[in-house]
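Q: Sharing a structure, written as structure tokens. Questions coming.
The values are calculated or read from the model by the stated rules, or taken from the named source; none is laboratory data. Bear in mind the structure is a predicted one, so any value in this text is a computation, not a measurement. Quick reminder, even Gly has a Cβ in these numbers, built from the backbone with ideal geometry, and neighbours come from all protein chains shown.
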């Protein structure tokens, strides 16, 4: 069982607790943290008890998502970014994880074989983190520094995620490859067609990888486009785990990226 449990009511209280010599393990949703804390006897700082960290608000410029907003919350909020709602609908683990898991918890875990990081990078999201000394904003593309290595200092917590307001004419595609409902992804790809063409690949690489494609790319034949994607990914840092090795992920990722681009072109993700 956990050595101690802290339930702060405010961000200020949470950051003060993190300033102590015996820093507790931060819990965002608990689906990964609690089993480890119980097994290792770690102290736990539960951010889900802070009301200000849960919920979604919108303005003309951004959608602001609290770090402890669950996947179920995303699905229940029509103004949430459509790409994130699509990701939440197919989150690994099914209804139990959708109700318990949080977008911030997933981001801070920074598991390469995960659903959320690639989506946040594809959306151009900004991570807002806080400590006793203030807050700072970190682009999602720099927040995921490596496997299980988010850009968070020991005295910081993630409070919100800012997603810029969508531009008119955007069309999204999202495709995930996994063994089954309870399996972590082998590859996820988020494609965006607007003034330009981009596709972000996650789960297959150690950090999300975004490719910018030249105009006219979508008109070339399927095999030629997959070959181009494979060339652009030639220097990618592929991820290996017990589900699939790097060679397998390097083989399938360009095909999954092609499918996301095709989806964005033909149907797009409905709002």
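Q: Since residue 249 meets every condition but one in (1) out of contact with any helix residue (DSSP H, G or I) (no Cβ under 9 Å at 6 or more places or on another chain); (2) surrounded by fewer than 18 Cβ atoms within 10 Å (Cβ to Cβ), which condition does it not meet?
A: So the condition that residue 249 fails would be (2).
Q: Residue check, residue 268 against (1) outside any strand (DSSP E or B); (2) on the phi < 0 side of the Ramachandran plot, all met but one. Which one?
A: Unmet condition: (2).
Q: Kindly indicate whether any position in segment 114-123 is surrounded by fewer than 20 Cβ atoms within 10 Å (Cβ to Cβ) and either more than 19 Å from residue 183 (Cα to Cα) or touching a strand residue (DSSP E or B) at 6+ places or on another chain (Cβ under 9 Å) (or both).
A: Within segment 114-123 (the criterion being surrounded by fewer than 20 Cβ atoms within 10 Å (Cβ to Cβ) and either more than 19 Å from residue 183 (Cα to Cα) or touching a strand residue (DSSP E or B) at 6+ places or on another chain (Cβ under 9 Å) (or both)), the answer is no, since none of the residues qualifies.
Q: Which one is farthest from the chain's Cα centre (by Cα) among residues in segment 138-160 that are over 26 Å from residue 236 (Cα atoms) and either in the same structural domain as residue 208 (by TED's automatic domain parsing) or loosely packed, with under 13 Cβ neighbours inside 10 Å (or both)?
A: Once the filter is applied, the top-ranked residue is 154.
Q: Continuing with the same structure: Is it the case that residue 91 is within 16 Å of residue 172 (Cβ to Cβ), surrounded by 21 or more Cβ atoms within 10 Å (Cβ to Cβ) and out of contact with any strand residue (DSSP E or B) (no Cβ under 8 Å at 6 or more places or on another chain)?
A: Judged against the criteria, residue 91 is not a match.
Q: Quick one: which strands (runs of 3 or more DSSP E) lie wholly within segment 1-112 and hold at least 2 residues that are at pLDDT 95 or above?
A: So the answer is 56-58, 62-66.
Q: Is there any pair with a first residue in segment 211-225 that is assigned by TED's automatic domain parsing to the domain that holds residue 252 and a second that is modelled with pLDDT of 90 or more and part of a helix (DSSP H, G or I) whose Cβ atoms are under 6 Å apart and which are 6 or more apart or on different chains, and what are they?
A: Within 6 Å, the pairs are 211/232; 218/265; 225/258.
Q: Just a yes or no: is a residue in segment 178-193 farther than 21 Å from residue 23 by Cβ, surrounded by fewer than 20 Cβ atoms within 10 Å (Cβ to Cβ) and modelled with pLDDT of 95 or more? Explain how you work it out, then say what you get.
A: Step one: of segment 178-193, the residues farther than 21 Å from residue 23 by Cβ are 178-193.
Adding the requirement that they be surrounded by fewer than 20 Cβ atoms within 10 Å (Cβ to Cβ) leaves 178-184.
Now restrict to residues that are modelled with pLDDT of 95 or more: none.
No, segment 178-193 contains no residue that is farther than 21 Å from residue 23 by Cβ, surrounded by fewer than 20 Cβ atoms within 10 Å (Cβ to Cβ) and modelled with pLDDT of 95 or more.
Q: So the check is Cβ under 8 Å with 6+ separation or different chains; which pairs have a first residue in segment 138-164 that's at positive phi and a second one that's surrounded by fewer than 22 Cβ atoms within 10 Å (Cβ to Cβ) and assigned to a helix (DSSP H, G or I)?
A: Pairs that qualify, where the first residue is at positive phi and the partner is surrounded by fewer than 22 Cβ atoms within 10 Å (Cβ to Cβ) and assigned to a helix (DSSP H, G or I), are 148/109.
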